[in-house]
Amino acid sequence: EAVANDRLNRERALFPRPAILQPNIAFWRRVFGEYSEDQSVIHDQRQPERIYAVLDFRADAAALPKFQLASFKNSEENAAKARFARVLRETAALVNAPERMDAEQRRIAALFSGDARALTGAADNIRTQRGLKERTREAISTAGQYLPEMERIFADAGLPRLLTRLPIVESSFNINAYSKVAAAGLWQFMPSSARLYMRHNQIADERRDPWTSTRAAAGHLR
């Protein structure tokens, strides 16, 4: 156990966390570990730690059919983005008259340290991020059947074993994961990259094979 902990600490040292990244890290930890799939975070795209609101649909999820819930979420998210775009512009116009701001405008102004130009620019960079807590929990539960062999493959390639945790983010350890931009498998290889390392044609798509794709990922990351 001591040897394993020492190895883990040495590997962690290979992945420093600069101070400038800490707010981003904190935001994504909350997305993957705290926010439910039925919560939507309305935030700044460039600096995600600037959170304008968290929409909570958990009660709606218990009452609505899935298709109605999906439509309702999209509608509410779009309305929230439009509202905060308006609030950001209104707040920018009141920077020199803070006494005229309401409580929400003061909160928004504080996120930008009263910078009118930044407030105006942020109105066009509002993003929605839904929580991934449930998917993360499922991924961690599933990962056990893959990680021992993945770690061996990466160790043989001279790579840090911590990199084998990337599928938690990439695919939630779902071998059938397929993205809207055509990435597939545990490692979410794009077709162009996949063809460099494995079979990907009309007959076979080895991106969905956990071991072939893991060896490919090790080669690609190396």
- Going by the conditions given, is ALA139 among the small types (Gly, Ala, Ser) and in a loop (DSSP other than H, G, I, E, B)? no
- Task: Please find, among ARG50, ARG30, ARG12, the residue that is open to solvent by 50 Å² or more (accessible area, probe 1.4 Å), within 19 Å of the chain's Cα centre (by Cα) and not aromatic (Phe, Trp, Tyr).
- Result: ARG30
- Starting from the stretch 126-150, take each residue that is touching a residue at least 24 places away in the same chain (Cβ under 8 Å) and list its partners that are among the aliphatic types (A, V, I, L, M) and surrounded by fewer than 17 Cβ atoms within 10 Å (Cβ to Cβ), counting only C-beta distances under 7 angstrom and pairs at least six apart or across chains. ILE126/ALA85
- Flag if ARG46 is part of a loop (DSSP other than H, G, I, E, B) and basic (Lys, Arg): yes
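Given the options ALA103, ALA61, ALA80, ALA70, name the one that is in contact with an Asp or Glu (Cβ under 6 Å, 6 or more places away or on another chain), over 26 Å from ILE20 (Cα atoms), surrounded by fewer than 19 Cβ atoms within 10 Å (Cβ to Cβ) and small (Gly, Ala, Ser).
On the way: ALA103 fails: in contact with an Asp or Glu (Cβ under 6 Å, 6 or more places away or on another chain); ALA80 fails: in contact with an Asp or Glu (Cβ under 6 Å, 6 or more places away or on another chain); ALA70 fails: in contact with an Asp or Glu (Cβ under 6 Å, 6 or more places away or on another chain).
Testing whether each residue is in contact with an Asp or Glu (Cβ under 6 Å, 6 or more places away or on another chain), over 26 Å from ILE20 (Cα atoms), surrounded by fewer than 19 Cβ atoms within 10 Å (Cβ to Cβ) and small (Gly, Ala, Ser) leaves just ALA61.
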- Only listed residue being open to solvent by less than 80 Å² (accessible area, probe 1.4 Å), over 18 Å from ILE175 (Cβ atoms) and touching a Leu at 6+ places or on another chain (Cβ under 6 Å), chosen from ALA122, ALA116, ALA157, ALA110: ALA122
- Spot the failing condition for ALA116; the list is (1) free of Cβ contacts under 8 Å to residues at least 24 places away in the same chain; (2) farther than 29 Å from ALA70 by Cβ; (3) not polar (S, T, N, Q), and only one is missed. (1)
- Task: Search the stretch 145-154 for residues being out of contact with any Phe, Trp or Tyr (no Cβ under 9 Å at 6 or more places or on another chain) and surrounded by fewer than 15 Cβ atoms within 10 Å (Cβ to Cβ), and hand back the single one that is farthest from ALA218 (Cα to Cα).
- Result: PRO148
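The values are calculated or read from the model by the stated rules, or taken from the named source; none is laboratory data. Values in this document were obtained by computation on a predicted structure and should not be read as measured data. A quick note on method: Cβ atoms are made from the backbone with ideal geometry, for glycine too, and the neighbour counts reach across all protein chains shown. Side chains included, ligands, DNA and RNA excluded: accessible areas come from the protein's heavy atoms. Shrake-Rupley method; radii C 1.70, N 1.55, O 1.52, S 1.80 Å.
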